[in-house]
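Heads up, the thing below is written out as structure tokens.
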Amino acid sequence: MFSLTKHHGLGNDFLVLVDENGTRTIDADLAVRLCDRHRGVGADGLLRVTRDTGGLDLVMELRNADGTLAEMSGNGISCLVQAAVLAGLCAGPRVEVRTDAGPRAVEVAPTEAPQVHLMTVDMGDAVVGDADPQWVGEGVRRAVRVDTGNPHLVLEVDDPARMDLVSLGAAANRAVPGGINVELLAPR
């Protein structure tokens with residue numbers, strides 16, 4: 001038996017397990033069951049936070065709603081740090097977190113609303129990769145891979161409203177081992 005809290009960050013919601021002693025585990029099956037929006041609690045992912053013993057403040061473990069491990073999430077790390085602050089694991093204003101994408105710093109600022117924080121995440125440098133022409137066509141002008149600690153496929157499109165992002169995401173995740181985030185970019 002354990003306790004979870006639910007946090008919202010810029011349109012994403014995450015369940016957070018604060019594991020102060022580092023004795024709990026989260027696996028793919030648990031993440032799938034808890035994140036299911038019809039039969040579980042419902043969330044975009046399941047996070048586990050522990051204290052870091054290697055010089056940083058916290059350690060982040062993230063499982064997506066489908067149970068896969070994710071290296072990093074800007075919204076997820078914001079939720080994780082808020083849960084840790086509310087649980088008394090750290091205070092801020094600067095919290096350093098070990099992630100599978102490397103260390104990340106989060107600046108924490110309280111707001112006037114109770115239990116609401118403003119988080120600023122240092123995601124590191126985005127590494128722009130090569131063009132990915134297999135995605136060009138049918139409204140996509142160009143496609144490029146970008147790494148922000150986890151993989152992204154950025155598609156420049158004529159009109160985002162005409163794109164089926166769900167189908168594009170599913171196709172990209174079938175094509176890329178381990179999955180990939182898909183973003184649409186449209187010039188004004």
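The values are calculated or read from the model by the stated rules, or taken from the named source; none is laboratory data. None of these values were measured; they are calculated from a predicted model. Quick reminder, even Gly has a Cβ in these numbers, built from the backbone with ideal geometry, and neighbours come from all protein chains shown. Areas reflect the complete protein model, heavy atoms only, side chains present, ligands, DNA and RNA absent. Shrake-Rupley method; radii C 1.70, N 1.55, O 1.52, S 1.80 Å.
Of note:
- Residue check for Gln82: in a helix (DSSP H, G or I) and under 23 Å from Leu185 (Cβ atoms): no
- Gly74 under 18 Å from Ala101 (Cβ atoms), in contact (Cβ under 8 Å) with a residue 40 or more places away in the chain and either touching a strand residue (DSSP E or B) at 6+ places or on another chain (Cβ under 6 Å) or not acidic (Asp, Glu) (or both): yes
- Only a single criterion out of (1) without any contact (Cβ under 8 Å) to a residue 24 or more places away in the chain; (2) outside any strand (DSSP E or B); (3) open to solvent by less than 30 Å² (accessible area, probe 1.4 Å) is not satisfied by Gly179, namely (1).
- The set of residues in segment 111-133 that are touching a residue at least 12 places away in the same chain (Cβ under 8 Å) and open to solvent by less than 70 Å² (accessible area, probe 1.4 Å) comprises His117, Met119, Val121, Met123, Gly124, Ala126, Gly129, Asp132.
- Selection count where residues are surrounded by fewer than 16 Cβ atoms within 10 Å (Cβ to Cβ), farther than 18 Å from Arg98 by Cα and not small (Gly, Ala, Ser), scope segment 10-61: 9
- Test for Val108: is it open to solvent by less than 60 Å² (accessible area, probe 1.4 Å) and touching a His at 6+ places or on another chain (Cβ under 6 Å): yes
- Pairs meeting the criteria (first residue in segment 18-41 and part of a loop (DSSP other than H, G, I, E, B), second residue β-branched (Val, Ile, Thr) and open to solvent by less than 30 Å² (accessible area, probe 1.4 Å), beta carbons under 7 Å, at least 6 apart or on different chains) are Asp19/Val49; Asp19/Thr50; Gly22/Thr50.
- Lone unmet requirement of (1) under 18 Å from the mean Cα position of the chain (by Cα); (2) hydroxyl-bearing (Ser, Thr, Tyr); (3) surrounded by fewer than 17 Cβ atoms within 10 Å (Cβ to Cβ) for Thr148: (3)
- Residues in segment 62-105 that are open to solvent by less than 30 Å² (accessible area, probe 1.4 Å), within 13 Å of the chain's Cα centre (by Cα) and under 18 Å from Asp19 (Cα atoms): Leu62, Gly76, Ile77, Ser78, Cys79, Leu80, Val81, Thr99.
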